[in-house]
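Data block below; observations after.
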Amino acid sequence: MPPTALHPEPAGTLPGVPVVDITATGPGHTPIQQVMELMRAHGPVLVRRLHGRDILFVADADLVADLADEERFAKHIGPALENVRAFTADGLFTAYNDEPNWAKAHDILMPAFALGSMKTYHPVMLKVARRLIDSWDRAARAGQPVNVPDDMTRMTLDTIGLAGFDYDFGSFERAEPHPFVESMVRCLEWAMTRLARNPGEDHAAADAAFRADADYLAGVVDDVIAARTGTDQSAAEDLLGLMLTARHPADGTTLDTANIRNQVITFLIAGHETTSGAMSFALYYLAKHPAALRLVQREADALWGDTPDPEPTYEDIGRLTYTRQVLNEALRLWPTAAAFSRHAREDTLLGGRLPMHAGQAVVVLAPMLHRQPVWGDNPELFDPERFTAEAEAARPVHAFKPFGTGERACIGRQFALHEATMLLAMLVHRYRLHDHAGYALTVKETLTLKPEDFTLTLTPRTDADRVHAPLPGAATAPGTQAPAPDALPARVRPGTGTLFLHGSNYGTCRAFAAQLADEAAAVGCVTEVAALDDYADGLPTDRPVVITAASYNGRPTDDATAFTAWLDGTPDLTGVTYAVLGVGDRNWAATYQHVPIRIDARLAELGAGRLTDRAAADASGDLTGTVRDFTARLRAALLGEYGDPDAVTGTQQEPATAYEVRTVTGGPLDALAERHGLVPMTVTEAYDLTAPGHPRTKRFLRIALPDGVTYRTADHLTVLPAGAPDLVDRAAAALGVDLDTVLDIRATRPRRDGLATDRPLTVRHLLTHQVEVQERPTARQLALLAEANPCPPERAALAALTGDDPRTLVEIIEDHPALRGALDWPRLLDLLTPIRPRHYSLSSSPAADPRHAELMVSVLDAPARSGKGRYRGTGSGHLASLRPGDTVYARVQPCREVFRIDGTAPVVMVAAGTGLAPFRGAVADRAAARAAGTELPPALLYFGCDAPDADFLHAGELRAAESAGAVSLRPAFSAAPENGALFVQHRIAAEADEVWELLTAGARVHVCGDGARMAPGVREAFRTLYRKHTPGADDTAAVRWLDSLVADGRYIEDVYAAG
């Protein structure tokens, strides 16, 4: 067993710690509550003994704070989680600390819980909340009680299924819980009750039932994954889309299929079971505490008025301060994930008094931690005032632990809290809650906690219910407003610059920095946006610097480490003017705003001057409001300090001339090309690489590089696509617009993600070059279409569409003809997505010709998934249409350094289709080296295609390189297999001995191509190869061996989702 999974050593000899032997009674069905009672009797530190096995339980606030030290303690996978591992394996929650898949999955999935992603989940949460409300409305009309925990479970399961995996469990269409829920609960109960088994008992029947339930969970999840595997996930915005396509930011590897299954099961369990319990406890306490209920209702009513069916925005939820306090107080009393374990990394003294050996474990009991004296003299009392900002600031940061601690704490806490806060406010805004049965709290344990058999009856609230008298002592609004400040100039002085720096791992702070830069540009600033590390050698004094930064577990983000290290020195920053916007989440109390506070304070200490005071934006609060206030302060400070006195707001000066003239230079695509850093390049050759009539066309392009543009082998070319003329005609017909109409588009506020136009343009140009017209619509776009549709039946049909609809935006508009002409241009431009550049691997080598770059492009041309004609890829279709002499806007994008093949070690290259591109360049490098007399280590090139006479790409060139000793070709022809090798993985398996010999000689493996089918097959081929050549190795050993190759940079993938 790995060292991070060591079980606790007997702890009964700890000085001053009572030992309680429960062998005679066992833990029963409520082991958490049993230990709570033991702590009430024996204190917050005790050893529980069962059948000679000791477990140290801790709830002392000082000891828990010590356990939170990540340098000395780490997450422990104790007996309970070992049991859960039987059905989640190396998912995020149950992975050992040293399992490679934990860090890989964590780093890949963290962006899914950043602010931008959270905003995409909000509409799904709202959609499922409406399902719950529809169900509760029916119960209210019928006078029937609602089972709160069951319905909260339905709500949260459907939410995580849709938001995380685009899979609808349809829980509210069932009289009973979804079978997945029933199997999951039984698995959790098995994991819990297995802890209490007496030695010698026969549990074969229970274990068999568990295995059946675990198999069912895996089967459901396999269906969820299968619905998406092999489809284009490039635009997917959910967790599963990330799992199927995202590469690790450091080594470029992706998650394997088995781990994706484990992660999906983990998220389906953790993403709904704990959240449903938290909402159930919160509703229980509100039903029992009418004063608190009235305050939550007052808050929701103030936000949404007398509308019984509000449309909460994402920003609204951050304003529900008291509602969040209620939720936090319910989590304090009954944290649904009630315990977590830590172990010592080395021999140490816990709290300076309890000796612990390396690997020895401690279980933190959160419900009793949350009842310690730091919570006041009546910790059993429900009191949301414990979570005011002032109360939280006065309390030790480690006193509240409902989500675990450190970097292994719950990754989805913000998702859960947003969902729970929104639903809680919507429910109390709509209903009166009646405790019709005089419910006495009974807490059910299945590793998680939940109130059992808790029901309520409901009455719809009236408009009169939503009218509130002023609170006692509330300040009366003044009758007159304060006088307005002196008018500021409307713009800054010409040439005024502002530098916007960001520290951002997942894009949130980068997006805020760009947003602030747009606001500054609106008042005339010349702006630059960059990472903090780009200025790690000094800050400018000729322009103000605005820093937007976050913390990652209390440390600087990846793009701010060098800057903060420089700041720890003693540079003289006299003359630097700055402002800091900090972004964080106060739920991570121990490290909240740590880095922004440090940057702000250190800049001042080193002599820099503040332009305006630091702001602390809280992702668990009114983040949007804080950013908005900071933006207003920054704008006022810029205009106050750098304003142009001749540009005064509101003045009407007589124009000096009869005309105002704006000179427009360059071509119509120059503004768009400048935004993406693209330059015009000329196509010099273009032809098909595949045989005439072959159904999957591959196209060759040779492109002349402008002066000063260079590339290296395996780099990418980023290309600006264009819509096909027939598709543009079709989109215009569906929208009811005239292609020859000229539009003069002016952004009301500059946006870096908006349209890049600098002159009037025709609708034809807009639809061809500026926007995407055949993407599948997002939930936001569908909502805009439904809102704009004047036909009630069509509006209802649009509102009912789900994320799995196969139609493109244009096809959906065609199928709802009332939309024709219904969208004015501002709404239409808000609907359409600005066009995105596409990325293609270069297939050439500068060793052969440094002035030209070459591409091999797989042309996507297939029957449309909607059944309506054919779908032709926007990017590949555009490149396929180019002819010699045509211009393409492009830039060279360097590849990851780890993917380059340097010729210092043997190499095994594996590709399918146009995944061959970077390897063709590598073979050309090797051919040039051989021609110069260089000795090279062996190189094998496995590549898959259909048939030798159909799509053997660059066959003559590659065979010549093989003859020259540069490479050994290993093609696999799926339509004409040789020796049974249909695909590359089959040929690798057939030649396992040769490949193994190269691996033992230090070979590196490079895989490029289809990530949905080919890459997983190749990984399995290498694992099989390992098992064959390693006596006694099982599947687990093979997985770890391949993971070690990945970690060592010897197995590198550059894969994509096949269209």
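FYI, it's all coordinate maths here, none of it is from the lab. Remember, predicted model here, so these are calculated numbers, not experimental data. A quick note on method: Cβ atoms are made from the backbone with ideal geometry, for glycine too, and the neighbour counts reach across all protein chains shown.
Semi-axes of the equivalent ellipsoid of the range 532-613: what are they in whole Å, largest first, if each equals the square root of 5 times a C-alpha gyration tensor eigenvalue?
Working: eigenvalues 91, 36, 22 Å².
Equivalent ellipsoid semi-axes, largest first: 21, 13, 11 Å.
So for the range 778-935, taking the charge dipole from beta-carbon charges (+1 Lys/Arg, -1 Asp/Glu), which of Thr808, Gly885, Leu798 sits furthest toward the positive end?
Gly885
Mind giving me the nanometre distance, one decimal, between the label points for Thr30 and Asp707, set 7 Å out from Cα along Cα→Cβ?
With each label point 7 Å from Cα toward Cβ, the separation is 8.4 nm.
Please report the projected area of the range 774-880's Cα convex hull averaged over all directions, in nm². Present the calculation step by step, with values, prior to reporting the outcome.
Details: hull surface 35.0 nm².
The Cα convex hull of the range 774-880, projected and averaged over all directions, gives 8.8 nm².
Contour minus end-to-end for Ala291 and Asp729, with contour as 0.36 nm per residue of separation and end-to-end as the Cα-Cα distance?
Numbers: separation 438, 0.36 × 438 = 157.68 nm, distance 6.15 nm.
Full extension from Ala291 to Asp729 adds 151.5 nm.
Starting with the highest mean, order 428-434, 531-537 by the number of other Cβ atoms within 10 Å, averaged over the residues of each peptide.
Numbers: 428-434: 20.4, 531-537: 18.3.
Those peptides, ordered most packed to least, come out 428-434, 531-537.
Could you tell me what fraction of 2.2 N^0.38 Å the Cα radius of gyration of the range 671-751 comes to, as a two-decimal ratio?
Details: Rg = 18.3 Å, N = 81, 2.2 N^0.38 = 11.7 Å.
Taking N as the residue count of the range 671-751, the ratio is 1.56.
Using a Förster distance of 56 Å, how high is the FRET efficiency between Asp738 and Val467, based on the Cβ-Cβ distance and rounded to 0.05? The partial results should precede the final answer.
Numbers: r = 51 Å, r/R0 = 0.92.
Result of the calculation: an efficiency of 0.60.
What does the extension gain come out to for Ala960 and Ala522, with contour length at 0.36 nm per residue minus their alpha carbon separation?
Values: separation 438, 0.36 × 438 = 157.68 nm, distance 5.92 nm.
Value of the extension gain: 151.8 nm.
For the range 376-447, count the residues as N, evaluate 2.2 N^0.38 Å, and divide the Cα radius of gyration by that value, please.
Numbers: Rg = 15.9 Å, N = 72, 2.2 N^0.38 = 11.2 Å.
Rounded to two decimals, the normalised Rg is 1.42.
Using the Cα gyration tensor of the range 899-1056, with a ≥ b ≥ c the square roots of its eigenvalues, what is the shape: rounded (a/c below 1.5), prolate (a/b larger than b/c) or oblate (neither)?
Values: a/c = 1.75, a/b = 1.25, b/c = 1.41.
Oblate, because a/c is 1.5 or more while a/b does not exceed b/c.
Cα centroids of the range 484-530 and the range 334-408: how far apart, whole angstrom?
Answer, in whole Å: 42.
At Ala1001 and Arg633, where each label point lies 7 Å from the Cα along Cα→Cβ, what is the point-to-point distance in nanometres?
6.5 nm
Only sites in a loop by DSSP and with at most 15 other Cβ atoms within 10 Å count here; which trypsin sites (Lys or Arg not before Pro) in the range 867-947 make the cut?
Details: sites: Lys868, Arg870, Arg872, Arg891, Arg896, Arg900, Arg920, Arg926, Arg930; in loops: Lys868, Arg896, Arg900.
In loop regions of the range 867-947 (DSSP not H, G, I, E or B), the sparsely surrounded trypsin sites (Lys or Arg not before Pro) are Lys868, Arg896.
List the extent of the Cα atoms of the chain along each of their three principal axes, largest first, rounded to whole Å.
In descending order, the Cα extents are 90, 84, 68 Å.
To the nearest 0.05, what FRET efficiency results for Glu385 and Thr313 with a Förster distance of 22 Å applied to their C-beta separation?
Values: r = 27 Å, r/R0 = 1.23.
With a Förster radius of 22 Å, E is 0.20.
Would you please classify the overall shape of the range 497-642 from the alpha carbon gyration tensor, given that a ≥ b ≥ c denote the square roots of the eigenvalues, rounded means a/c under 1.5, and beyond that prolate means a/b larger than b/c while oblate covers the rest?
Values: a/c = 1.57, a/b = 1.09, b/c = 1.44.
Oblate, because a/c is 1.5 or more while a/b does not exceed b/c.
Lys/Arg Cβ at +1, Asp/Glu Cβ at -1, dipole of the chain taken about the Cα centre: which of Pro918, Thr682, Leu766 is farthest positive-ward?
Leu766
Show that you can apply the helix-only estimate: for the chain, add -39,500 (n - 2.57) for every DSSP H stretch of four or more residues, divide by all residues, and state [θ] at 222 nm to the nearest 500. Show your work: numbers first, answer last.
Details: 34 runs with 401 residues, N = 1059.
Computed ellipticity for the chain at 222 nm equals -11500 deg cm²/dmol.
Over the chain, what is the mean sequence separation of C-alpha contacts under 8 Å (at least six apart), divided by residue count, expressed as relative contact order in percent? Kindly include the intermediate steps, with their values, before the conclusion.
Details: 1840 pairs, mean separation 107.3, N = 1059.
About 10 percent, as a whole number.
Assuming 0.36 nm per residue, please report the length gained on full extension of the stretch Val664 to Asp202 beyond their Cα-Cα distance. Before the final figure, lay out the partial values.
On the way: separation 462, 0.36 × 462 = 166.32 nm, distance 8.47 nm.
Between Val664 and Asp202, full extension yields an extra 157.9 nm.
Cα-based count: Lys pairs in the chain below 23 Å, eight or more positions apart or different chains? Walk me through the numbers on the way to the answer.
Working: Lys75/Lys104; Lys75/Lys401; Lys119/Lys127; Lys288/Lys444; Lys288/Lys450; Lys401/Lys444; Lys401/Lys450.
Qualifying lysine pairs in the chain: 7.
Which one, His1006, Ala929, Thr904, is farthest towards the positive end of the dipole of the chain when Lys and Arg carry +1 and Asp and Glu -1 on their Cβ?
Checking the options against the dipole of the chain, the answer is His1006.
Tell me, Ser341, Ser881 in order of fewest to most beta-carbon neighbours within 10 Å? Write out the running numbers ahead of the final one.
On the way: Ser341 22, Ser881 15.
The order, fewest Cβ neighbours first, is Ser881, Ser341.
What does the highest-first list of 902-908, 740-746 look like by mean Cβ count within 10 Å? Provide the component values of the computation, followed by the final result.
Details: 902-908: 17.3, 740-746: 11.0.
Highest mean packing first, the order is 902-908, 740-746.
Sorted by packing (mean other beta-carbon atoms within 10 Å per residue), highest first, where do 490-503, 688-701 land?
On the way: 490-503: 20.3, 688-701: 16.0.
Highest mean packing first, the order is 490-503, 688-701.
Compute the relative contact order of the range 899-1056 as a whole-number percentage, counting only Cα pairs closer than 8 Å that sit 6 or more residues apart in sequence. Kindly include the intermediate steps, with their values, before the conclusion.
Values: 250 pairs, mean separation 41.3, N = 158.
RCO, the range 899-1056: 26 percent.
At a threshold of 8 angstrom on Cα-Cα distance, excluding pairs fewer than six apart, so keeping six or more, what relative contact order does the range 265-385 reach in percent?
25 percent
Based on the Kirkwood radius over alpha-carbon pairs, what value in µm²/s does the Stokes-Einstein equation return for the translational diffusion coefficient of the range 670-839 at 20 °C and 1.002 mPa s? Can you show the working numbers first?
On the way: Rh = 18.4 Å.
Translational diffusion coefficient: 116 µm²/s.
Considering the zone a paramagnetic label at Asp69 would reach in this model (a point 7 Å from Cα along the Cα-to-Cβ line), which residues of the range 330-359 have amide N under 19 Å from it?
Counting only backbone N, you get 341-359.
What FRET efficiency comes out for the pair Ala1047/Arg353, r = Cβ-Cβ distance, R0 = 35 Å, nearest 0.05?
Values: r = 39 Å, r/R0 = 1.11.
The computed FRET efficiency comes out at 0.35.
In nm, to one decimal, how far is the Thr682 label point from the Ser968 one, both placed 7 Å along Cα→Cβ?
Taking the two extended label points, one gets 4.4 nm.
State the percent of C-alpha pairs, over all pairs in the range 976-1059, separated by a distance greater than 19 angstrom.
On the way: 1330 of 3486 pairs.
Counting every Cα pair in the range 976-1059, those more than 19 Å apart make up 38 percent.
Inverting the mean 1/r over all pairs of different Cα atoms, compute the Kirkwood radius of the range 853-936 and quote it in Å. Walk me through the numbers on the way to the answer.
Numbers: mean 1/r = 0.0620 Å⁻¹.
Computed over Cα pairs of the range 853-936, the Kirkwood hydrodynamic radius comes out at 16.1 Å.
When a/c is below 1.5 the answer is rounded, else prolate if a/b is larger than b/c, else oblate, so apply that to the range 36-153 with a ≥ b ≥ c taken from the square roots of the Cα gyration tensor eigenvalues.
Details: a/c = 2.33, a/b = 1.41, b/c = 1.65.
The shape class here is oblate.
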